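I have placed the structure first, in the form of structure tokens, so that the comments after it can refer back to it.
The values are calculated or read from the model by the stated rules, or taken from the named source; none is laboratory data. Just so we're clear, the structure is a prediction, and the values are computed from it rather than from any experiment. When we count neighbours, we look across all protein chains shown, and the Cβ atoms used for this are built from the backbone with ideal geometry, even at glycine. These accessible areas exclude ligands, DNA and RNA; they are computed on the full protein's heavy atoms, side chains included. Shrake-Rupley method; radii C 1.70, N 1.55, O 1.52, S 1.80 Å.
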Amino acid sequence: MILVIGGAGYIGSHAVKLLLDQGYQVVVFDNLSTGHQEAVDPRAVFVQGELGSRTDLDHLFSKYPIEGVMHFAAHIQVGESVTDPFKYYENNVASTLTLLSVMLQHGVKKLIFSSTAAVYGLPEEDVIQEELPANPINPYGRSKWMVEQILQDFSYAYGLEYVALRYFNAAGADQSGKIGEDHDPETHLIPVILQHLLGLREKITVFGTDYPTPDGTCIRDYIHVVDLVEAHIYAMRALLDNRVKNEAFNLGTGHGYSVKEVIDMCEKVTGKKATVEYGARREGDPPKLVASSEKMHRVLGWKPTHNLEDIVRTAWNWHRNHPNGYVDKRHHV
Ligand SMILES: O=c1ccn([C@@H]2O[C@H](COP(=O)(O)OP(=O)(O)O[C@H]3O[C@H](CO)[C@H](O)[C@H](O)[C@H]3O)[C@@H](O)[C@H]2O)c(=O)[nH]1
């Protein structure tokens, strides 16, 4: 059985569905602080509890025959991490320590950890490889890098076997249209554009037009959430078969798109015209973040199969049917 921590969240809920589709048994553990119970596939066992609670975790690991853990639960807002770092270190680092301790106590040693491109800070490289030294520039990125270092130390000292997956920009939705992105507040580019095109926001603001990129706006590597969670399953299978351990991999596509190009794609897919305001830079945004996913391909055989158009198409399918996210049960078409 696979334990998915944070399985009611955006990426976790997609992982749960794919694991179940591929025949794994799944138990989801989530405190529903930002996740949604409706996002959890009914075929999974759902346990509500706190990651920082040794009692909750002890109960979970005693009750279910857990072979491997996927850990998606984290706070993810860079700006908030700067103003409230305690929240980030407490949840992303301290609670993860409790998890590791309880896992080891129960003899569970296989972990897939959700890390981030934010561990690289402000890289100048055109395409980022895993060997690039980590240099996070905010508490969010530091919290993820701290955990990666803890994992290295725990693998050496206690035999923990982990894979850390450094996500670039996860986007899109499952093609069923039943699960998708629903953050409060929503700050991510693609959902923000689509909410505007649905009439839920007056306009969109492009953060910065004077970056050293061809059109002056930031370039990111958008990876379809289904490709992303598929990579987790490749990694978990390899961990369980003892083909890999104690490695970090980038998860991206190797292709970058500027903010303007993403807006163009959203207009093309939806057939609607956006009202765009060109604003100031957002603090801490690197001009360009594009992953080399060559290592993930070479070591585990994974390759993304969806492009930006697929990402926007599936995200649009989700948003127009759930304009207010999971709270909206009206199902517009
Ligand atoms: O309204 C908006 C929203 C975003 N952007 C731009 O669009 C790009 C993508 O922004 P997102 O907020 O969607 O994504 P980020 O690259 O900033 O964030 C990603 O990396 C972060 C760490 O660096 C966190 O991990 C975060 O959850 C993850 O989506 C950036 O250049 C941003 O400046 C805009 O111009 N306008």
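In whole percents, the pair-distance distribution calculated for the stretch 267-316 from its alpha-carbon pairs, binned every 5 Å from zero, is 4, 13, 12, 15, 19, 20, 9, 6, 3. Taking a point 7 Å from the Cα of LEU97 along the Cα-to-Cβ direction, the residues of the stretch 69-87 with backbone N closer than 16 Å to it are 86-87.
Once the dipole of the stretch 64-218 is set up with Lys and Arg at +1 and Asp and Glu at -1 on Cβ about the Cα centre, which of SER81, SER143, LEU111 lies farthest towards its positive end? Value: LEU111. In a simple Cβ point-charge model (Lys, Arg +1; Asp, Glu -1; nothing else charged), the chain has a dipole of about 560 debye relative to its Cα centre. Taking 0.36 nm per residue of separation and subtracting the Cα-Cα distance, full extension of the segment from ILE137 to LEU20 would add 38.4 nm. Cross-link pairs exceeding 30 Å in C-alpha to C-alpha distance, out of LYS110/LYS144; LYS17/LYS295; LYS144/LYS288; LYS203/LYS303; LYS17/LYS245, comprise LYS203/LYS303.
The length gained on full extension between VAL299 and HIS183, counted as 0.36 nm times the residue separation minus their Cα-Cα distance, comes to 38.5 nm. The listed residues HIS183, HIS59, once ranked by accessible area (1.4 Å probe) with the largest placed first, stand as HIS59, HIS183.
When all protein chains stay in place and ligands, DNA and RNA are ignored, the 1.4 Å accessible-area order of VAL69, VAL127, largest first, is VAL127, VAL69. Helical runs assigned H by DSSP (4 residues or longer) give the chain a calculated mean residue ellipticity at 222 nm of -11000 deg cm²/dmol, each run adding -39500 (n - 2.57) before division by the residue total. Approximating the spin labels as points 7 Å out from Cα along Cα→Cβ, the ARG201-to-LEU122 distance works out to 2.5 nm. Potential lengthening of the chain between ARG320 and LEU32 amounts to 101.3 nm, from the contour at 0.36 nm per residue minus the alpha-carbon distance. How much of the accessible area of the chain, probe 1.4 Å, is carbon plus sulfur, in whole percent? Solvent-exposed carbon and sulfur of the chain make up 48 percent of the total. Accessible area per residue for the chain, computed on protein heavy atoms with a 1.4 Å probe, is 44 Å².
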